[in-house]
Each structure stands twice: as structure tokens, then as C-alpha cells.
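**Q** One structure, as C-alpha cells, below. Some questions next.
The values are calculated or read from the model by the stated rules, or taken from the named source; none is laboratory data. As the structure is a computational prediction, the values presented were derived from the model and not from experiment. Don't worry about glycine lacking a Cβ; one is built from the backbone with ideal geometry, like all the others, and counts go over all protein chains shown.
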Amino acid sequence: MRIPFISMFVTSPFDGVQEHAEKVKECAWVFQRAIECIIEDRCEDFEHFRKDIDKLESEADAIKRRIRGHLPKGTLLAVDKFELFRYLREQDKVIDAVEEGLDWLSFRAAAGIPEVLEKDFMILVEAVTDPIEELSNMVTEARKYFSNFSEDQRIVVKDMIRTLRHYEHEADKLEDAAKEKIFNAIDDPVAVFHLIRLTEIVGSIADHAENAGDMMRAMIAK
């Protein structure tokens with residue numbers, strides 16, 4: 001018989017995972033604002049947004065360390081400890097990708113994003129934000145599942161994982177379309193390289209969110 005997760009802890013490790021997921025969600029919002037800043041030529045605010053991301057990333061790292069520190073060796077868990085850590089690492093990579101995206105963009109912030117690509121980039125950024133929202137919601141529902149192991153709740157979590165995969169697939173298509181447009185619309189080879197790499201980094205945000213969903217599926221598997 002599986003022991004309810006919450007009963008083994010004064011504080012469930014998934015409380016921390018949820019807190020970490022909320023930091024990821026905050027990063028996504030700041031990232032979207034930063035891209036809007038670049039596009040709308042209000043780049044005096046860009047460094048402010050980048051520093052906000054750095055601060056959120058540090059806070060998320062502290063949460064991650066706290067979760068790991070509160071799982072001493074030999075502790076009985078209803079899920080494999082290393083699966084939990086793998087999930088947390090993949091969720092954390094979402095923040096890393098957001099931070100990398102702004103850092104990369106900062107190298108040519110003055111150049112901005114060419115007008116011909118502005119709409120494509122905003123659509124892509126919005127597309128990778130959707131799975132981050134769903135990621136946070138998935139953790140909320142997973143916490144409920146690990147408190148009672150209800151089959152109905154398990155189905156809810158599985159449905160959200162499928163939604164994450166759908167979002168990632170849609171983001172992939174937008175990423176490919178943006179790359180094609182960059183090659184066809186931009187002549188400067190340095191700008192092409194910079195924009196292609198930026199597009200890949202933005203696309204990887206959705207990839208890591210989907211990967212986190214796959215890790216969650218492994219944890220709820222019977």
C-alpha cells in the first residue's frame with residue numbers, strides 16, 4: 001500500500017516544488033515584458049528586467065537547495081527521490097533558458113529586433129509562456145494527487161501533461177517559421193546568427209517545460 005505523501009512530512013517537498021514553479025512563472029512574465037521593451041524601443045528598462053530575472057533565478061536556486069537539503073538520506077518517499085530531483089532540475093532549466101535568452105539579447109540590445117520579425121518574436125514568446133503557466137498548474141494538481149493518490153486526480157495531472165506536449169509542439173512550429181523568416185528577410189550575417197540563436201533559446205523554454213511534464217508523468221506512473 002502506498003503511504004500518502006503528505007503524511008511522511010511536516011512540510012511536503014512538493015510545497016517547495018510549487019514555490020519554485022511560481023518563481024518560474026514570474027520569470028516568464030518578466031521575460032515577456034523584456035521582449036516587449038526591446039520591440040517598443042523602451043530599452044532603458046531592459047537592464048531592469050534582466051536584473052529582475054537574475055534575482056528570481058537566485059531565489060529559485062535557494063528554493064531548490066532547500067528542497068534537496070530537507071530530503072535526508074534514507075527518508076521514505078512515495079516517489080523516487082532522484083525522480084523528484086530530476087523533475088526539479090528540468091523545471092529549473094526553464095529559468096536558466098529565460099536568463100540565457102535575456103543575456104544573449106543584451107549582447108545586441110541596441111540593435112533590437114528587426115521590425116519585420118517583431119510580430120513573429122512576440123507570438124513565439126507568448127507561445128512559450130503558455131506551457132510555463134500550465135507547468136505551475138500541473139504542480140498544483142500533482143500536490144493534490146500525492147496527498148491522496150486519487151485515480152481521478154491522476155487523470156487530471158496526465159491531461160495537463162498532454163497539454164504541455166501540445167504547447168511545446170506549437171512552439172516548435174513557430175520557432176521553425178521564425179528561423180525561416182530570419183534567413184529570408186535578414187542580410188547581415190551577424191544579425192542572422194544572433195537572431196537564430198535567440199530563437200533557439202526562446203524555443204528551448206517550452207522544451208524544458210515539456211521535459212518537466214515527462215518527469216512528472218514518471219512520478220505519477222503506477
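**Q** As an exercise: evaluate GLN91 against (1) buried (at least 20 other Cβ atoms within 10 Å of the Cβ); (2) in contact with a helix residue (DSSP H, G or I) (Cβ under 6 Å, 6 or more places away or on another chain); (3) more than 16 Å from GLU22 (Cα to Cα) and give the number of the one condition it does not meet.
**A** Failed condition: (3).
**Q** Also: Which residues, taken from region 150-162, are surrounded by fewer than 16 Cβ atoms within 10 Å (Cβ to Cβ) and either among the polar types (S, T, N, Q) or within 16 Å of ASN211 (Cβ to Cβ) (or both)?
**A** Scanning region 150-162 gives SER150, ARG162.
**Q** Here is a follow-up. Need the failing condition index for TRP104 against (1) more than 17 Å from HIS194 (Cα to Cα); (2) of a type in the set (A, V, I, L, M, F, W, C); (3) in contact with a helix residue (DSSP H, G or I) (Cβ under 8 Å, 6 or more places away or on another chain), just the number.
**A** (1)
**Q** Looking only at residues that are charged (D, E, K, R) and surrounded by 19 or more Cβ atoms within 10 Å (Cβ to Cβ) in region 101-133, which one is nearest to GLU170 (Cα to Cα)? Break it down into steps so the answer makes sense when it comes.
**A** First, pick out the residues of region 101-133 that are charged (D, E, K, R): 103, 108, 115, 118-120, 126, 130, 133.
Applying the additional criterion that residues be surrounded by 19 or more Cβ atoms within 10 Å (Cβ to Cβ) yields 120, 130.
Numbers: ASP120: 13, ASP130: 10 Å.
Going through the qualifying residues, I end up with ASP130.
Residues are listed down the side, and each one gets a yes or a no for (1) modelled with pLDDT under 95; (2) surrounded by 17 or more Cβ atoms within 10 Å (Cβ to Cβ); (3) touching a Phe, Trp or Tyr at 6+ places or on another chain (Cβ under 8 Å); (4) not basic (Lys, Arg):
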residue	(1), (2), (3), (4)
ARG143	yes, yes, yes, no
TYR167	no, yes, no, yes
ALA171	no, yes, no, yes
LYS179	no, yes, no, no
ASP188	no, no, no, yes
ALA191	no, no, no, yes
LEU195	no, yes, no, yes
VAL202	no, yes, yes, yes
LYS222	yes, no, no, no
